[in-house]
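Take a look at the structure set out below.
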Amino acid sequence: MEKLSNPQKTIEILQKYKFVFQKRYGQNFLIDPRVLEKIMNAAEIGPEDCVLEIGPGIGTMTQYLAERAARVVAVEIDGELIPILQETLADYKNVVLIQNDILKVDIKELAREYGNGRPLKVVANLPYYITTPIVMGLLEGGAPVANITVMVQKEVADRMQAGPGTKDYGALSLAVQYYAKPYIAANVPPNCFIPRPNVGSAVIRLTRHETPPVQAEDPALMFKLIRASFNQRRKTLVNSLNNSPELSCTKEEAAAALEHLGLPPAVRGEALTLEEFAGIANYLAAHGAGKEGDR
Ligand code: SAM
């Protein structure tokens, strides 16, 4: 069967099945072989790998993945796409198709069943409406995942990769960078999809750290500090921590933590590195401060 990665073939299949795009599922299908090649290069799929593909759509990228990997497990929520996928993937015996919501799938279990003892590689043109829960679920959930190569909204890719002091830097940058090293592999314009999305897109690769790049004694406390500082971005860190309903931290305790780390008393969270957030969290934990319900 002719590959799907061109507009004519995609339209032919969609018409054959009278497929109606579901906006609520973030359906924008790739129709550009050059973009698919870029995704394959960024994902570095080898013949031993088991790939988890989230949202295969009509199977355009699944065909590329199946030609390179030992196995592809493709999880698609939309039941209307299943008969289409059964046709477009009929020649690829190494594809396992699962109809489910990826947010309800036990990925650890999936890795045990199909991973052959190796960590999964995740590759997807993501449904943009659930990018953050999918990516954070993969990073935080503890499933064996070596890397994640995904198409996301361009702004989201920029936020994941941003460093301190830039406008895109925020809680998502720090959460992603605690677990993985981000690298934007390509920017992708709307005309590479059917239908065209209203936003620009980018392919980002997240390579999981074997050990976190900073030593936080209590990562949950560090993430509370991070959320508190970016919820009130324009306030000083001392005020943000003191105002946070998630924390119990006096201004004096926050000021002492900053002084201990040699940071200016009026510093804002947006100027701090992950290492500095870890340092503040460690100081507060060691001095019995910071946790909610202490007082
Ligand atoms: N991979 C295809 C491609 O590149 O042409 C389709 C990508 S499209 C942007 C996103 C896909 O994710 C759609 O097929 C959509 O139905 C599916 N999807 C949306 N929400 C999902 C969910 N919660 N779980 C699994 N798949 C989902």
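The values are calculated or read from the model by the stated rules, or taken from the named source; none is laboratory data. This is a predicted model, so every value here is computed, not measured. Counting neighbours? That spans all protein chains shown, and the Cβs are built from the backbone with ideal geometry, glycine included. Just so you know, the surface numbers come from the protein's heavy atoms only, side chains and all, with ligands and any DNA or RNA stripped out. Shrake-Rupley method; radii C 1.70, N 1.55, O 1.52, S 1.80 Å.
Does Ala74 satisfy the condition of being within 11 Å of the ligand (Cβ to nearest atom), under 28 Å from Glu113 (Cβ atoms) and either open to solvent by 10 Å² or more (accessible area, probe 1.4 Å) or assigned to a strand (DSSP E or B) (or both)? Judged against the criteria, Ala74 is a match. Given the options Val123, Val156, Val135, name the one that is within 14 Å of the ligand (Cβ to nearest atom) and not in a helix (DSSP H, G or I). Within the list Val123, Val156, Val135, the selection yields Val123. Contact annotation: residue pairs with Cβ atoms under 6 Å, 6 or more positions apart or on different chains, pairing a residue in segment 156-174 that is in the same structural domain as Thr132 (by TED's automatic domain parsing) with a partner that is in a helix (DSSP H, G or I) and aromatic (Phe, Trp, Tyr), are Gly170/Phe230; Ala171/Phe230. Contact map, segment 200-217: first residue open to solvent by less than 70 Å² (accessible area, probe 1.4 Å), second residue of a type in the set (Lys, Arg), Cβ cut-off under 6 Å, separation 6 or more or different chains; pairs are Gly200/Lys154; Ser201/Lys154; Ala202/Lys154; Thr207/Lys181. Scanning segment 191-218 for residues that are out of contact with any strand residue (DSSP E or B) (no Cβ under 9 Å at 6 or more places or on another chain) and either part of a loop (DSSP other than H, G, I, E, B) or not assigned by TED's automatic domain parsing to the domain that holds Tyr129 (or both) turns up Arg196, Asn198, Glu210, Thr211, Pro212, Val214, Gln215, Ala216, Glu217.
Is it the case that segment 13-23 has a residue that's at pLDDT below 95 and either in a helix (DSSP H, G or I) or not assigned by TED's automatic domain parsing to the domain that holds Ile130 (or both)? Within segment 13-23 (the criterion being at pLDDT below 95 and either in a helix (DSSP H, G or I) or not assigned by TED's automatic domain parsing to the domain that holds Ile130 (or both)), the answer is yes, since at least one residue qualifies.
For segment 170-181, check the following and say yes or no: at least one residue is within 15 Å of the ligand (Cβ to nearest atom), modelled with pLDDT of 95 or more and within 19 Å of Arg227 (Cα to Cα). No: zero hits. For Lys38, are the conditions met, namely being touching a residue at least 12 places away in the same chain (Cβ under 8 Å), surrounded by 13 or more Cβ atoms within 10 Å (Cβ to Cβ) and touching a helix residue (DSSP H, G or I) at 6+ places or on another chain (Cβ under 7 Å)? So Lys38 fails the test. Count of segment 36-61 residues, restricted to those that are under 23 Å from Arg208 (Cα atoms) and more than 19 Å from the chain's Cα centre (by Cα), is 5. Applying the criterion of at least 1 residues that are more than 26 Å from Tyr179 (Cβ to Cβ) and either open to solvent by 80 Å² or more (accessible area, probe 1.4 Å) or not β-branched (Val, Ile, Thr) (or both) to the helices (runs of 4 or more DSSP H) found wholly in segment 224-295 leaves 237-243, 251-260.
Being without any contact (Cβ under 8 Å) to a residue 24 or more places away in the chain and loosely packed, with under 15 Cβ neighbours inside 10 Å is a property that Arg24 lacks.
The set of residues from segment 41-64 being more than 8 Å from the ligand (Cβ to nearest atom) and crowded, with 18+ Cβ neighbours inside 10 Å comprises Ala42, Ala43, Ile45, Asp49, Cys50, Val51, Leu52, Gln63, Tyr64.
Taking segment 86-117 as the range and being surrounded by fewer than 14 Cβ atoms within 10 Å (Cβ to Cβ), part of a loop (DSSP other than H, G, I, E, B) and away from the ligand (no atom under 13 Å from the Cβ) as the test, the residues that pass are Ala90, Asp91, Lys93, Asp106, Asn116, Gly117.
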